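Q: This is the structure I want to talk about, given as structure tokens.
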Amino acid sequence: MTIADLATALDELPLIDHHVHGALAAELDRPAMERALTESDRPIPGWMTQFDSQLGVALRRWCAPVLDLPPRVAPEEYLRRRHELGAAEVTRRLLRAAGVAHWLVDTGMGGTELLSPAEMAEISATRADEVVRLESVLEQLGRDDVAAGELPERFAQVLAERSARAVGLKSVVAYRHGFDFDPHRPSRAEVVAAAGRWLRAGGGRVDDPVLLRFLLWSGVDLGLPLQLHAGHGDPDLRLHRCDPLLLTEFVELVEPAPLVLLHCYPFHRNAGHLAQVYPHVFFDVGLAVNHTGARSAAVVAESLELAPFAKVLFSSDACGPAELHHLGAVLWRRGTHRALAEWVQEGVWSEDDAVRIAGMIGAGNARRLYDC
Amino acid sequence: MTIADLATALDELPLIDHHVHGALAAELDRPAMERALTESDRPIPGWMTQFDSQLGVALRRWCAPVLDLPPRVAPEEYLRRRHELGAAEVTRRLLRAAGVAHWLVDTGMGGTELLSPAEMAEISATRADEVVRLESVLEQLGRDDVAAGELPERFAQVLAERSARAVGLKSVVAYRHGFDFDPHRPSRAEVVAAAGRWLRAGGGRVDDPVLLRFLLWSGVDLGLPLQLHAGHGDPDLRLHRCDPLLLTEFVELVEPAPLVLLHCYPFHRNAGHLAQVYPHVFFDVGLAVNHTGARSAAVVAESLELAPFAKVLFSSDACGPAELHHLGAVLWRRGTHRALAEWVQEGVWSEDDAVRIAGMIGAGNARRLYDC
Amino acid sequence: MTIADLATALDELPLIDHHVHGALAAELDRPAMERALTESDRPIPGWMTQFDSQLGVALRRWCAPVLDLPPRVAPEEYLRRRHELGAAEVTRRLLRAAGVAHWLVDTGMGGTELLSPAEMAEISATRADEVVRLESVLEQLGRDDVAAGELPERFAQVLAERSARAVGLKSVVAYRHGFDFDPHRPSRAEVVAAAGRWLRAGGGRVDDPVLLRFLLWSGVDLGLPLQLHAGHGDPDLRLHRCDPLLLTEFVELVEPAPLVLLHCYPFHRNAGHLAQVYPHVFFDVGLAVNHTGARSAAVVAESLELAPFAKVLFSSDACGPAELHHLGAVLWRRGTHRALAEWVQEGVWSEDDAVRIAGMIGAGNARRLYDC
């Protein structure tokens, strides 16, 4: 086996994208595409373009050929061709060329514009399953005329129903509060009181720490792997309060319920520590891989330090334009190849090990964890 | 265009050093030079030399040829030649060879020994403008017999006068307190009370958090870009209290007033997050580039991850011996070339993009931001 | 001198492993070996193996040839051969092949299974000295019928006796509390009161912050270099409370007593800051070098940024199977060669400097610091 074989193995590896959102099959104009290239929710200033970013450069490099364009075309040329082919065709091409065999889709974000898991499966001619977002389930329940006093039981029932066919759960407590919360299970009385305050205020966005903790513990009770956004994200979060190390007490209290730390950048080394010392902790560097573009190989390599390789996963965290889904897979394959090929070339790793471990991170670990 | 062209473009790029201090044109003996190679304010122990550091090795490598010496000469040989040429000639050579077209000089540090912006311009045969340090303006006002009750208005007036021809403002709240301050604008009554305490204690060094916040908000009101020291610096600061993420609330409160996070090491990835999600946040890795020497290419590469390239700037943060001004430019050019050339060689970036984006970071972004 | 000479110099450099634990000369079965490859204290799940980690891969690569096996053999083959040779022979081979000239052994961990400094010296045919763990000395005193009122003086006396021939002291306050403690010297009355509470509760594990501070200050008083575990370790610690920056006030209060920050990962850049600005602060990246295996070259390189090279040390932090002692030395030599050789090849460093500075980090700095 030569290192070319490692490259081939990585190129052909059918991935499980264990944390992703639906693709956006609608047409996109340039402002909408620019907004999709950043976690910022602010208008993009007129004196700059998001195409001048690692993600923007990567998009032009790797997605252009899928649209029959030469690599590194100008943004306007890319968008012209995108429009010419039509969003549906572009989405179909980009998703299929990603080589993802199974999408685990967080359905908690976006309205009807984003493809459902079933639609993702159909357009990409592969499999898709659902990851249920805890906060969304509660917010829906809040719209359904629930009384505070019955909320704990009603929520447990609704969550069980909603996730009957799901493969995992997701929490955005990082956005709604940060990880510096009281890690203990709240009492029923505390939950009812907090639910009363929330419902009297009209329900809506859940950011009460008691309710957020109730959601987390409800997820733990259900027994599905619990994904937690960690690290970089939009300005709704305070990054220094999203360091996964702040979860350490919670991690210990819920052991052995499986916890999956998502993204983690720039705290991915901290996540590696948790994944080494706690058998039930897993992590990925999704989202960061896309946003760091040409630098993603460095981020992938940094994710391969402390954690045993059975604890590291692949995800894109793509949401919206299918370019993001495509890039997640391309950049992970390239970054992983670069790290492992270097170690094989140095004679430190065997190529057999490299191929096997790449397969674990790209698919096998997720298959076991989510039983999918 | 070949990659050699990228190297040429970087070598010849006229830089804007958007945060620098005056050069020291006086003669330097070895102890003084050693002290200039560290942020430590402690005497250098007899059992070590600061030349055995990344900065010391870089100085011998890159500055020696400017003094007609072979690269990597011994420190004593370097200093002998420096003395032979005379400090004025050495300063002239090193500043001119830096290829900096415009120095934005923080005048808040050092006495009469450091060159003024006008002197910097003259000796380097290029342009220089001033960045006014907020704390220095207040400390001067404190020496001018101001009453606490009139301080807010008097300060606003003096600051406007002092910065009439300045291109930016600078705060050292990182040193004087850390970033864990109440981010809100203090009331006039709070400022007057704090000013009274400060003046009754004899004025001098400002470290009262209310006065420091008053300075920051005064800077915001004035409308010039506001530079903030962040990250590594001398032992006057507590590094863990200088993580720019601790400024997040302040960043949101002052939006859209332009904020420039200086240095940031080892929190430069955190700065990249802020620069991505907030349109008015900019940053650089000045100071760290000098102090990490042969490792500065890695630091520069890490600064090119999350932030759109319109938000990243070049500075040296040099202060004192012109070797530091020279090295800031040399090491930034080399580090940037190394990162971009690798991406061009991999076929990920086009060379046109690499040259264009290097020009943005090295000069264009600063030109727009400071309107200079 | 060619770069091959740098490689030879590094290969042949007699190291001082300034922080290590005794080797385990007993036979090991596979579960015991797997447990030795992680800082986790949890049972290793049946669906994974610790051999699929950077440390596991490194072990197969670098230790197998010492046992006459080809590199990268399967774990079961390695363990079969290990058993065939016998643990004593394996330990002898691995320790001698490490090329360590002097072991500074922390004797505070492990029972009689781990080799004593004298046994380490004998089996490896080299020198060994002791580093005395402060908490262990107090815990022993607690078993010896001491009264709270006499504890401060008795401890000082016992510590002086126990460390009469030691070269350094060690604190595990990172594990027992974290670095967020009151940095001031506790009063005698506080110590006596805390000792009373501790003794009435039966003595045993010391985690009272007053007693931990008393130990630290007792160590400072004694004048030997004081080692502090920092960063990554087993789940007994909370990693975010083990960032060495949290020690800054303590560092200033005890100046100039020499402090040695051990491991530090992932906060090694923070340690570099402290080592630059405080003359009495030293650090290493031991433990992390082993656990990051093929990535250890990156960690070593990151440790060579801010700190003057006179302040950086080599250690393995190995504990138990002699594979860990061997890998610590092999990976440090390789990582250091890779960083320095790159800088020599670039023409930035001279090879003479590279050889000289490698010798400082690998042995010379420790020799001076510990006067050994």
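The values are calculated or read from the model by the stated rules, or taken from the named source; none is laboratory data. Keep in mind the model is a prediction, meaning the values are calculated, not measured. Heads up, the Cβs are rebuilt from the backbone with ideal geometry, glycines too, and the neighbour counts pull from every protein chain shown.
Q: So for the range B:295-312 (the condition being over 17 Å from residue B:10 (Cβ atoms) and more than 12 Å from chain A (Cβ to nearest Cβ)), does at least one residue qualify?
A: yes
Q: Within the range C:189-207, restricting attention to residues that are of a type in the set (A, V, I, L, M, F, W, C) and either free of Cβ contacts under 8 Å to residues at least 12 places away in the same chain or in contact with a Lys or Arg (Cβ under 6 Å, 6 or more places away or on another chain) (or both), which residue is nearest to residue C:159 (Cα to Cα)?
A: Out of the qualifying residues, it is C:189.
Q: Take the residues of the range A:189-207 that are part of a helix (DSSP H, G or I) and among the aliphatic types (A, V, I, L, M): which is surrounded by the most Cβ atoms within 10 Å (Cβ to Cβ)?
A: A:195
Q: What tally of residues in the range B:158-172 results from selecting those that are surrounded by 17 or more Cβ atoms within 10 Å (Cβ to Cβ) and of a type in the set (D, E, K, R)?
A: Count: 2.
Q: Something else now. Which numbered condition in (1) within 28 Å of residue A:55 (Cα to Cα); (2) buried (at least 22 other Cβ atoms within 10 Å of the Cβ); (3) in contact (Cβ under 8 Å) with a residue 40 or more places away in the chain is the only one that residue B:259 fails?
A: (3)
Q: Do the conditions hold for residue C:271, that is, is it surrounded by fewer than 24 Cβ atoms within 10 Å (Cβ to Cβ) and either within 24 Å of residue B:38 (Cβ to Cβ) or among the small types (Gly, Ala, Ser) (or both)?
A: no
Q: Further question: When the residues of the range C:294-317 are filtered to those that are in contact (Cβ under 8 Å) with a residue 60 or more places away in the chain and charged (D, E, K, R), which remaining residue is surrounded by the most Cβ atoms within 10 Å (Cβ to Cβ)?
A: Here the answer is C:317.
Q: Mind counting the residues in the range C:324-372 that are among the aromatic types (Phe, Trp, Tyr) and under 16 Å from residue C:298 (Cα atoms)? Don't jump to the end; show me each part of the working.
A: Pass one, the range C:324-372, residues among the aromatic types (Phe, Trp, Tyr): C:332, C:343, C:349, C:370.
After this cut, where a residue has to be under 16 Å from residue C:298 (Cα atoms) as well, the list is C:332, C:343.
Of the residues in that region, 2 qualify.
Q: Can I ask one more? Closer than 19 Å to residue A:102 by Cα, in contact (Cβ under 8 Å) with a residue 40 or more places away in the chain and assigned to a helix (DSSP H, G or I) - does that describe any residue in the range A:176-188?
A: In the first step, residues of the range A:176-188 are kept if they are closer than 19 Å to residue A:102 by Cα; the result is none.
Checked against the condition, which is being closer than 19 Å to residue A:102 by Cα, in contact (Cβ under 8 Å) with a residue 40 or more places away in the chain and assigned to a helix (DSSP H, G or I), the range A:176-188 yields no hits at all.
Q: Check B:14, B:45 and return the single one that is touching a residue at least 40 places away in the same chain (Cβ under 8 Å) and either of a type outside the set (A, V, I, L, M) or away from chain C (no Cβ under 13 Å) (or both).
A: Working: B:45 fails: touching a residue at least 40 places away in the same chain (Cβ under 8 Å).
Selected residue: B:14, the only one of B:14, B:45 that is touching a residue at least 40 places away in the same chain (Cβ under 8 Å) and either of a type outside the set (A, V, I, L, M) or away from chain C (no Cβ under 13 Å) (or both).
Q: Yes or no: residue C:250 more than 10 Å from chain B (Cβ to nearest Cβ), over 21 Å from residue A:272 (Cα atoms) and either free of Cβ contacts under 8 Å to residues at least 60 places away in the same chain or buried (at least 24 other Cβ atoms within 10 Å of the Cβ) (or both)?
A: For residue C:250, the condition - more than 10 Å from chain B (Cβ to nearest Cβ), over 21 Å from residue A:272 (Cα atoms) and either free of Cβ contacts under 8 Å to residues at least 60 places away in the same chain or buried (at least 24 other Cβ atoms within 10 Å of the Cβ) (or both) - is not met.
Q: Show me the helices (runs of 4 or more DSSP H) entirely contained within the range C:264-372 in which 2 or more residues are over 18 Å from the mean Cα position of the chain (by Cα). Even if it seems obvious, please write down each step before you answer.
A: On the way: elements: C:268-277, C:288-292, C:296-302, C:322-345, C:351-359, C:365-370.
Once the helices (runs of 4 or more DSSP H) in the range C:264-372 are filtered for at least 2 residues that are over 18 Å from the mean Cα position of the chain (by Cα), what remains is C:268-277, C:296-302, C:322-345, C:351-359.
Q: Looking only at the range C:326-348, decide whether some residue is in contact with a His (Cβ under 7 Å, 6 or more places away or on another chain), within 14 Å of chain B (Cβ to nearest Cβ) and either surrounded by 24 or more Cβ atoms within 10 Å (Cβ to Cβ) or of a type outside the set (Val, Ile, Thr) (or both).
A: Checking the range C:326-348: not a single residue is in contact with a His (Cβ under 7 Å, 6 or more places away or on another chain), within 14 Å of chain B (Cβ to nearest Cβ) and either surrounded by 24 or more Cβ atoms within 10 Å (Cβ to Cβ) or of a type outside the set (Val, Ile, Thr) (or both).
Q: Then there is this: Might you check whether a residue that is within 14 Å of chain B (Cβ to nearest Cβ), buried (at least 18 other Cβ atoms within 10 Å of the Cβ) and aliphatic (A, V, I, L, M) occurs anywhere in the range C:225-238?
A: There is at least one residue in the range C:225-238 that is within 14 Å of chain B (Cβ to nearest Cβ), buried (at least 18 other Cβ atoms within 10 Å of the Cβ) and aliphatic (A, V, I, L, M).
Q: Quickly run through the range A:208-254 and pick out the residues that are under 28 Å from residue A:141 (Cβ atoms), of a type in the set (D, E, K, R) and outside any helix (DSSP H, G or I).
A: A:208, A:234, A:236, A:238
Q: Moving on to the next point. Just wondering, is there one or more residues in the range C:109-120 that are in a strand (DSSP E or B), touching a Phe, Trp or Tyr at 6+ places or on another chain (Cβ under 7 Å) and crowded, with 18+ Cβ neighbours inside 10 Å?
A: No.
Q: Determine whether residue A:279 is at the interface with chain C (Cβ under 9 Å from one of its Cβ atoms) and of a type outside the set (Phe, Trp, Tyr).
A: yes
Q: Among the residues of the range A:156-173, are any touching a Pro at 6+ places or on another chain (Cβ under 8 Å), under 11 Å from residue A:212 (Cα atoms) and either part of a loop (DSSP other than H, G, I, E, B) or not hydroxyl-bearing (Ser, Thr, Tyr) (or both)?
A: No; the residues of the range A:156-173 include none that is touching a Pro at 6+ places or on another chain (Cβ under 8 Å), under 11 Å from residue A:212 (Cα atoms) and either part of a loop (DSSP other than H, G, I, E, B) or not hydroxyl-bearing (Ser, Thr, Tyr) (or both).
Q: Might you check whether a residue that is surrounded by 14 or more Cβ atoms within 10 Å (Cβ to Cβ), small (Gly, Ala, Ser) and touching a residue at least 60 places away in the same chain (Cβ under 8 Å) occurs anywhere in the range C:131-139?
A: The answer is no; no qualifying residue exists.
Q: Exactly one condition in (1) β-branched (Val, Ile, Thr); (2) touching a residue at least 40 places away in the same chain (Cβ under 8 Å); (3) over 25 Å from residue A:306 (Cα atoms) is not met by residue A:210; state its number.
A: All conditions pass for residue A:210, except number (2).
Q: If I filter the range A:249-259 for residues that are closer than 25 Å to residue C:295 by Cα, modelled with pLDDT of 95 or more and β-branched (Val, Ile, Thr), do I get at least one hit?
A: no
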